[in-house]
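Chemist: Just passing along the structure, written as structure tokens.
The values are calculated or read from the model by the stated rules, or taken from the named source; none is laboratory data. Not measured: the values here are computed from a predicted model. Positions of Cβ are backbone-derived with ideal geometry, glycine not excepted, and every protein chain shown enters the neighbour counts.
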Amino acid sequence: MIPKAEIHCHLEGSIPPVLARELALRNGIELPANLFDSRGTYAWTDFWSFLDAYDRVCTALKTARDFGDVIYSYLVGAAREGAVYVEMFCSPERPAALGISYTDWLAALADGIDRAQREHGIVGRIIVICIRHLGPERALAMVETMVATPHPYVVGFGMGGDEAKFAPRDFAPAYRMAHEHGYGCTVHAGEVVGPESVWAAIRDLPVTRIGHGVRSADDPALMAELARRGVVLEVCPGSNVALGLYPDRASHPLHRLIDAGVRVTLNSDDPPFFHTTLGMEYDLAGLGEKELRAIARTTIEASFADEATKQRLLRGMTP
Ligand code: ADE
Ligand code: ZN
């Protein structure tokens with residue numbers, strides 16, 4: 001099995017329907033009727049209704065332990081597909097709304113990460129993400145908490161949510177603080193909005209990676225700039241096709257980005273929502289073993305893990 005690694009997967013977006021039902025049962029919660037379609041998979045129709053469905057699955061979560069069980073469950077599944085490292089996007093917004101403290105939430109996530117590593121050898125790390133449509137003040141408050149409460153598994157800062165709301169520069173104070181305190185930075189851009197959102201992200205934020213960024217393929221000058229700067233794209237083809245950015249995998253720009261010299265990684269984003277897994281992304285990328293091994297190495301290099309961890313993982317991936 002080709003060793004794999006992933007740096008773009010959302011914690012709550014990784015919950016498969018069966019786990020959502022289990023958690024809801026354990027917590028005595030009735031899941032919203034419109035969460036599932038008639039086949040029992042998540043019901044949504046476009047990017048915005050997907051974000052709504054994402055909020056609905058979160059209603060299954062109640063305790064800090066739930067969050068730990070979700071990350072554990074994801075890491076175990078990823079390890080079975082050959083993943084040696086996963087960086088998970090975890091937003092403190094959801095636990096905060098449930099009255100769970102930042103430190104209790106982190107302790108539960110760390111426990112899930114430790115259990116998965118003990119049992120399956122996979123290394124997990126956390127990227128704290130803010131939610132763009134909730135605005136810059138919430139983002140800044142989040143970073144203030146993050147830097148005031150360091151944890152060895154929290155290695156980076158990022159932003160998901162509705163890309164059409166606000167501009168990257170609105171979040172510059174939050175990103176600057178994260179960067180100055182040594183956290184790696186990434187941002188969703190060039191997914192639902194075109195190349196201009198990627199230009200704005202690399203101009204206004206201290207990011208070394210872009211979440212998605214695939215719309216950069218619409219702009220040759222931007223691809224050249226990303227290649228020149230070595231900016232890494234967290235590409236999620238299955239997600240892009242499911243959300244209708246491209247009609248099918250054959251028309252996805254992954255290969256065009258690679259041919260333009262852009263550094264790319266392969267990721268699952270919100271796998272059960274998009275009927276994918278990290279293993280499927282590798283299998284369906286239309287690339288050979290040598291190229292896939294190179295992508296896995298790029299993923300580790302672009303990760304926000306400490307240098308010793310990166311070197312150990314890279315050594316372990318050498319055939
Ligand atoms: N949150 C979860 N998945 C996301 C995506 N694909 N884009 C933006 N925000 C998200
Ligand atoms: Zn994402």
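Chemist: Keeping to the stretch 80-104, report how many residues are buried (at least 21 other Cβ atoms within 10 Å of the Cβ) and not in a loop (DSSP other than H, G, I, E, B).
Modeler: Going through the stretch 80-104 one residue at a time, the tally reaches 9.
Chemist: Ok, one more. Counting only residues that are farther than 22 Å from G244 by Cβ and β-branched (V, I, T), which one in the stretch 188-209 is surrounded by the fewest Cβ atoms within 10 Å (Cβ to Cβ)?
Modeler: Only one residue fits best here, namely T208.
Chemist: Suppose the filter is over 19 Å from H8 (Cα atoms) and of a type in the set (D, E, K, R); does K290 pass it?
Modeler: Yes: the conditions hold for K290.
Chemist: Determine if the stretch 280-289 includes at least one residue that is more than 16 Å from ligand 1 (Cβ to nearest atom) and over 25 Å from E191 (Cα atoms).
Modeler: Scanning the stretch 280-289, I find at least one residue that is more than 16 Å from ligand 1 (Cβ to nearest atom) and over 25 Å from E191 (Cα atoms), so the answer is yes.
Chemist: On to the next question. Can you spot a residue in the stretch 67-79 that is over 16 Å from S14 (Cα atoms) and assigned to a helix (DSSP H, G or I)?
Modeler: no
Chemist: Please indicate, with yes or no, whether at least one residue in the stretch 145-156 is surrounded by 15 or more Cβ atoms within 10 Å (Cβ to Cβ), under 25 Å from I300 (Cα atoms) and within 16 Å of ligand 2 (Cβ to nearest atom).
Modeler: Within the stretch 145-156 (the criterion being surrounded by 15 or more Cβ atoms within 10 Å (Cβ to Cβ), under 25 Å from I300 (Cα atoms) and within 16 Å of ligand 2 (Cβ to nearest atom)), the answer is yes, since at least one residue qualifies.
Chemist: Can you find, within the stretch 31-46, the residue that is nearest to the chain's Cα centre (by Cα) among those that are part of a helix (DSSP H, G or I) and surrounded by fewer than 17 Cβ atoms within 10 Å (Cβ to Cβ)?
Modeler: N34
Chemist: Going residue by residue through the stretch 48-67, is there one that turns out to be under 16 Å from the mean Cα position of the chain (by Cα), within 25 Å of V123 (Cα to Cα), away from ligand 2 (no atom under 16 Å from the Cβ) and buried (at least 23 other Cβ atoms within 10 Å of the Cβ)?
Modeler: yes
Chemist: Follow-up question, since we're still on this one. Can you go through G160, G230, G238, G182 and tell me which one is within 14 Å of ligand 2 (Cβ to nearest atom), under 21 Å from I127 (Cα atoms) and of a type outside the set (F, W, Y)?
Modeler: Unique residue meeting the criteria: G160.
Chemist: Is it true that some residue in the stretch 274-292 is closer than 24 Å to Y183 by Cβ and among the polar types (S, T, N, Q)?
Modeler: no
Chemist: So, one more: Of everything in the stretch 12-30 that's surrounded by fewer than 23 Cβ atoms within 10 Å (Cβ to Cβ) and assigned to a loop (DSSP other than H, G, I, E, B), which residue is nearest to ligand 2 (Cβ to nearest atom)?
Modeler: Filtering first and then ranking leaves P16.
Chemist: Search the stretch 254-274 for residues being part of a loop (DSSP other than H, G, I, E, B) and closer than 25 Å to G82 by Cα, and hand back the single one that is farthest from ligand 2 (Cβ to nearest atom).
Modeler: So the residue we want is V262.
Chemist: While we're here: So A296 ticks every box in (1) out of contact with any Phe, Trp or Tyr (no Cβ under 9 Å at 6 or more places or on another chain); (2) modelled with pLDDT of 95 or more; (3) more than 16 Å from ligand 2 (Cβ to nearest atom) but one. Which box is left unticked?
Modeler: With respect to (1) out of contact with any Phe, Trp or Tyr (no Cβ under 9 Å at 6 or more places or on another chain); (2) modelled with pLDDT of 95 or more; (3) more than 16 Å from ligand 2 (Cβ to nearest atom), A296 is out only on (1).
Chemist: Here is a further query. Does the stretch 238-248 include one or more residues that are buried (at least 23 other Cβ atoms within 10 Å of the Cβ), of a type in the set (D, E, K, R) and part of a loop (DSSP other than H, G, I, E, B)?
Modeler: no
Chemist: What pairs come up if the first residue lies in the stretch 305-319 and is touching a residue at least 12 places away in the same chain (Cβ under 8 Å), the second is assigned to a helix (DSSP H, G or I), and their beta carbons are under 6 Å apart, counting only those six or more places apart or on different chains?
Modeler: Once the first residue is touching a residue at least 12 places away in the same chain (Cβ under 8 Å) and sits in the stretch 305-319, its partners that are assigned to a helix (DSSP H, G or I) give L313/I300; L314/I300.
Chemist: State all residues of the stretch 291-319 that are outside any helix (DSSP H, G or I) and within 21 Å of V207 (Cβ to Cβ); if no residue qualifies, say none.
Modeler: Within the stretch 291-319, S303, F304, A305, D306 meet the criteria.
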